[in-house]
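Engineer: This is the structure I want to talk about, given as structure tokens.
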């Protein structure tokens, strides 16, 4: 049986407890389902189960990140015969620890991140990897305790505080909704446009060096809109090993958050003119047509992916900068 999971993330005193308490007090979210509530941190705000609309909410406290195991969560699921799970997650723990511990039947229905607007930039400056970890998969990001004067303030480069929040969120996740909460009944949706740094209306598109990270994320988020497009782009060529001679992997190293998370982000290329004549790691400029199709290299992802059919491949100098960023 599929068990829905509602995940609430954010750092201590970010407003998670208040939001969950109010949600559980209403019949729209809580009609009495047997609910396992995993409490992974305890702040100053406390829960008041006596006010919940339904009474079938069973609290279990997880003291340490290392305690998160498939065996423990399965045991708690059976113990309370739960129909759904709510998790208030510890902001200092990595989300991968939680997802690795999910029993097979647990499925995330909604993931929301909460942040105190007064401390968000400080957290991002000092614990950027943890901030990115919570933003990367959140469907909704709520900035509470916002002050309009502060949010409209601009820095030396003319960028407002709100725009800084927006850019940090978008660097991690282009799809999340963003909300600014100024008061109990004063909420603003983020409607700042996010135009891509290249023109997708054209049949041929040049991807500049500083746009590689955004392009790579976009083609993976919505690959079908690139079907049939011709790309001009620079990156590194990976060949040899088990890669057939008429193929290579084209990509660049991308830093999403910080130095520790730099990864090679690449796609499959087909080229009938013997890709093996290049050395592994060569910087190349390619002109290629995009086709969305199944390829053995994408098999582990369980579906088709973008395959770049090269018309031209030539050796060039490194991109500037060599590591792509958002």
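Throughout, read-outs are computed from the coordinates displayed, never taken from laboratory work. Since the model is a prediction, treat every value here as computed from it, not as a measurement. Here Cβ is always computed from backbone atoms with ideal geometry, including for glycine, and neighbour counts include all displayed protein chains.
Engineer: Would you mind pulling out the separation of the Cα centroids of the stretch 18-79 and the stretch 293-326, in Å?
Structural biologist: Going from one Cα centre to the other spans 43 Å.
Engineer: What list do you get for 84, 252 if you sort them by fewest beta carbons within 10 Å?
Structural biologist: 84, 252
Engineer: When only C-alpha pairs under 8 Å and at least 6 residues apart count, what is the relative contact order of the stretch 204-325, in percent?
Structural biologist: Relative contact order of the stretch 204-325: 31 percent.
Engineer: Arrange the following residues from fewest to most other Cβ atoms within 10 Å of their Cβ: 11, 250.
Structural biologist: Lowest to highest Cβ neighbour count: 11, 250.
Engineer: Next question. Please report how far the C-alpha centroid of the stretch 82-128 lies from that of the stretch 182-257, rounded to the nearest whole angstrom.
Structural biologist: Using only Cα atoms, the two centres lie 26 Å from each other.
Engineer: In which sequence would 12, 39, 107, 135 go, from the one with the fewest C-beta neighbours within 10 Å to the one with the most?
Structural biologist: Sorted ascending by nearby Cβ count, the order is 107, 12, 39, 135.
Engineer: Could you compute the FRET efficiency for residue 196 and residue 23, with r as their C-beta to C-beta distance and R0 at 41 Å, rounded to 0.05?
Structural biologist: After rounding, the FRET efficiency stands at 0.70.
Engineer: Which of the three applies to the stretch 193-236, rounded, prolate or oblate, going by the alpha-carbon gyration tensor with a ≥ b ≥ c and a/c under 1.5 meaning rounded?
Structural biologist: It comes out rounded by the Cα gyration axes.
Engineer: Shifting gears a bit: Efficiency by 1/(1 + (r/R0)^6): what FRET value for residue 147 and residue 246, r their Cβ-Cβ distance, R0 = 56 Å, to the nearest 0.05?
Structural biologist: Step by step, r from the Cβ atoms, then E = 0.40.
Engineer: Please report the relative contact order for the stretch 3-189, taking Cα pairs under 8 Å with a sequence separation of at least 6, and give it as a percent rounded to a whole number.
Structural biologist: 24 percent.
Engineer: Which percent, nearest 5, of DSSP beta bridges in the chain are antiparallel?
Structural biologist: 45
Engineer: Next up: In nm, to one decimal, how far is the modelled label at residue 283 from the one at residue 185, with both set 7 Å along Cα→Cβ?
Structural biologist: 5.9
Engineer: Taking a label point 7 Å from the Cα of residue 42 along the Cα→Cβ vector, which residues of the stretch 88-114 have an amide N closer than 17 Å to it?
Structural biologist: Counting backbone N atoms under 17 Å from the label point, the list is 88-91.
Engineer: Averaging sequence separations of C-alpha pairs under 8 Å and six or more residues apart, then dividing by the length of the chain, give the relative contact order as a whole percent.
Structural biologist: So the answer I get is 13 percent.
Engineer: Now for a separate question. Could you point to the label whose value was computed as Rg and Dmax of the Cα atoms in Å for the structure here, given [x] 21.1, 68; [y] 22.5, 81; [z] 23.1, 72?
Structural biologist: The listed entry that was calculated here is [z].
Engineer: Follow-up. Modelling each spin label as a point 7 Å along the Cα-to-Cβ direction, I'd like the residue 293/residue 323 distance in nm, to one decimal.
Structural biologist: In this crude label model, residue 293 to residue 323 measures out at 3.6 nm.
Engineer: Moving on. If you stretched the chain out fully between residue 92 and residue 264, how much longer would it get, using 0.36 nm times the residue separation minus the C-alpha to C-alpha distance?
Structural biologist: Working it through step by step, the gained length comes to 59.3 nm.
Engineer: While we're here: Between 0 and 90 degrees, rounded to the nearest ten: what's the tilt of helix 212-221 against the longest Cα principal axis of the chain?
Structural biologist: Tilt relative to the chain: about 70 degrees.
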